Amino acid sequence: MKIAPSILSADFGNLERDVKAICDAGCDLVHIDVMDGHFVPNLTIGPVVVSSVAKCATKPLDIHLMVENNTFFVELFAPLKPEYITFHIEEEKHPHRLIQKIKSLGIKAGIVLNPHTPPEAVEFLLQDLDMVLLMSVNPGFGGQSFIESVIPKAKRLDALRKKYNPKCLIEVDGGVSNKNIEALKDAGVDVVVAGSYVFNHASKKEAIESLQI
Ligand code: DX5
Ligand code: ZN
């Protein structure tokens with residue numbers, strides 16, 4: 001299991017310290033939640049802060065867009081050379097076109113599904129995708145409870161990706177902890193995002209290691 005701690009739960013007054021800490025603790029990706037106050041009822045960070053994070057991160061960036069104007073934000077973040085940019089299918093009229101655009105910029109492309117969106121929504125996009133991110137909370141805030149229905153959903157997505165594109169990764173975001181990590185692994189999940197679980201733990205290293213099963 002790959003681990004992508006979400007810096008949404010970091011101490012923003014000590015962002016460099018916290019980003020270095022999760023990288024040193026052995027995370028695989030640094031998950032960055034970009035919220036615009038329109039698609040979700042919260043506002044987070046833009047390219048100025050993300051570029052500071054990129055400078056001190058020693059692991060690749062995983063940018064999760066929760067915004068209305070996806071193309072604008074893809075162009076804004078592309079110069080920071082993240083490993084992944086993921087966007088919500090619920091907010092994109094032309095997901096296939098945007099996947100091509102992200103990949104043309106040399107970035108891996110992923111689509112995010114809200115809790116109500118079925119995995120079949122990406123069936124005919126899977127062959128072009130590097131990742132599908134399943135939300136296991138409603139997007140907008142850290143520290144929410146895990147929505148259990150993501151487990152059967154991940155299993156259905158796992159069957160679909162085996163058919164269309166076995167290389168496409170499945171990531172789950174929200175409420176992830178040592179209590180649900182085994183069920184996620186069994187369902188075929190490859191990457192988990194963990195915010196409050198990692199940052200509220202006395203030892204970030206121990207928290208990350210407890211998810212690396
Ligand atoms: C929610 C974000 C998540 C969030 C996860 O909209 O996408 O990445 O930070 O935080 P936890 O792990 O605390 O649920
Ligand atoms: Zn996220």
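The values are calculated or read from the model by the stated rules, or taken from the named source; none is laboratory data. This is a predicted model, so every value here is computed, not measured. Every residue, glycine as well, gets a Cβ built from its backbone with ideal geometry; the counts of neighbours run over all protein chains shown. What goes into the accessible areas is simple: the full protein's heavy atoms, side chains included, and nothing from ligands, DNA or RNA. Shrake-Rupley method; radii C 1.70, N 1.55, O 1.52, S 1.80 Å.
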Base-10 log of normalised Debye intensity for the range 161-213 (one unit scatterer per alpha-carbon) at q = 0.16, 0.22 Å⁻¹: -0.49, -0.79
Within the range 72-213: Cβ-based charge dipole about Cα centre, in debye rounded to nearest 20 (Lys, Arg +1; Asp, Glu -1): 280
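Students often check this: by mean Cβ neighbours within 10 Å, which of 70-78, 50-58, 31-39 ranks highest, and how do the rest follow? Intermediate values should be presented prior to the final figure.
Details: 70-78: 17.7, 50-58: 15.9, 31-39: 20.7.
Descending mean neighbour count gives 31-39, 70-78, 50-58.
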At q = 0.11, 0.12, 0.14, 0.15 Å⁻¹, base-10 log of I(q)/I(0) for the chain (Debye sum, equal scatterers on each alpha carbon): -0.46, -0.55, -0.77, -0.90
Length released on extending from residue 94 to residue 209, taking residue separation times 0.36 nm less the Cα-Cα span: 37.6 nm
The range 2-211 - accessible surface per residue (Å², probe 1.4 Å): 43
Alpha-carbon spread of the range 8-80, three principal axes, descending order, Å: 34, 24, 19
Shape box of the range 94-175 [Cα atoms, principal axes, largest first, Å]: 36, 26, 19
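Tell me the GluC sites (Glu not before Pro) within the range 84-138 that lie in a loop according to DSSP and have at most 14 other beta-carbon atoms within 10 Å. Spell out each step's value before the answer.
Values: sites: 90, 91, 92, 120, 123; in loops: 92, 123.
Loop-located and lightly packed - 123.
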27 Å Cα-Cα reach of residue 59 towards lysines, excluding residues that sit fewer than 8 places from it in its own chain: 2, 20, 81, 101, 103, 108, 167, 179, 185, 204, 205
Global geometry of the range 47-144, whether rounded, prolate or oblate, following the gyration tensor of its Cα atoms and the 1.5 cut on a/c: oblate
